[in-house]
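Here's the structure, in structure tokens; my notes come after.
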Amino acid sequence: MPERGPRHPPPPEPADPSTPPPEPDNGKTRRFRSLGRRPPGFQWATLAVLSVLAVVGLELLHLPAALLLGPMAAAILLASAEGSVRVPAIPFYIAQGIVGCMIARGIPVTVLTEIARDWPLFLAGVAWTVLVAAALGWLLTRWRILPGTTAVWGFSPGAASSMTLISEAYGADVRLVAFMQYLRVVCVVVVASLVARIWVGPVGDAPAVDWFPDTDWAWFAATMAVAAAGIAIALRFRVPAGPLMLPLTIGVVLQDLGWLTIELPPWLLAVSYALVGWAIGLRFTRPILAHAARALPRVLLSIFALIALCGAFAAVLVVFAGVDPLTAYLATSPGGMDSAAIIAASSRNVDLPFVMAMQTARVIVVILTGPSLARFIASRTGVAGGTQT
């Protein structure tokens, strides 16, 4: 006679305390989540409409970098509604390459001479930002707010995508690093845009943008070739932040030699800004936000402390080095280099070469010293790499 099974099912296993409790399954939640089940075409159309509305609203407020902030805000909203679309890698690389060429257009190669002449100033600025960021990451690590060296990588003030990828190779929790990096970028962009808005003042008297001006298509093709070559080299040799840095470097050199006139119509820049904003905003998926929910208040407090301390060094540059206040603030701003470039280019009377020289120097230093610094802090706090769950 076959053996009978138990009269009652076994009790359920206890839930993992680290797992967030499920949301109540009511009609409102299902409607909220239904966006992720819509076709990609519908999601992209929704994102485009939200982006246009956000850009128009920010333009009415005369905020700099509305073409970046609007799409970024729309993408965060879509991601929070569990939208499933993502900016493909190649368009994102192309957008970075175009932004790199845009930066190169405003930077003569003589900026290297400027750095060499004022190297103590640049060394102090880079060292201050890197050390402050490392100290805040050390505190979050020592207090066990985030696992392993995640906080160190999350506060590394370099290219966000590069820091995220490098951190994964060194055992940090890549999801939390991405969360911290892009949350920091968003906070820095918003604060820097508000500072630029306050400092520059109303810009309602600015001339209207001619989105489709007469274009020299030969120089436009040459500019696109520079961007494509830089991206290809960066991907081939896996250069950190290469899709942005190599087109920037090549463009600066060729432009200074007189071999290139960088031609970038406004409509192309607008599309590139939107892609950068979408790529950042769409990283804020609900699982990442839920995973970091408990640490969010202290992470935000640390981010704003980092912004304030970098602003304090900007004040030092203003008082003792005679640097323009907005230029000093954007140069020491601990956000993404592309975001700082867009805000600087959107603001009047900003020394773009100075801003980008400081930002570029910091990215290089962080990329070169990041692994060693993370290992050093880990050894001092007695932790290993981040926990992947």
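Each value in this text was obtained by applying a stated rule to the coordinates, not by laboratory testing. All values derive from a computational prediction rather than experimental measurement. Note that each Cβ is placed from the backbone with ideal geometry, even for glycine, and that neighbours are counted across all protein chains shown.
Points to keep in mind about this one:
- Listed peptides 233-242, 211-220, 359-368 by packing density, highest first (mean Cβ within 10 Å): 359-368, 233-242, 211-220
- Per-peptide average of other Cβ atoms within 10 Å, ordering 92-104, 118-130 highest first: 92-104, 118-130
- With Cα atoms as the point set, the range 83-130 shows a radius of gyration and Dmax of 16.7, 49 Å.
- In terms of overall dimensions, the range 224-383 has a Cα radius of gyration and Dmax of 18.4, 54 angstrom.
- Inter-label distance, GLU82 to GLU59: 3.5 nm, where each label sits 7 Å from its Cα along the C-beta direction.
- Ordering of 37-50, 316-329 by burial proxy (mean other Cβ atoms within 10 Å per residue, highest first): 316-329, 37-50
- Based on alpha carbons, the Rg and Dmax found for the range 99-158 are 16.4, 46 Å.
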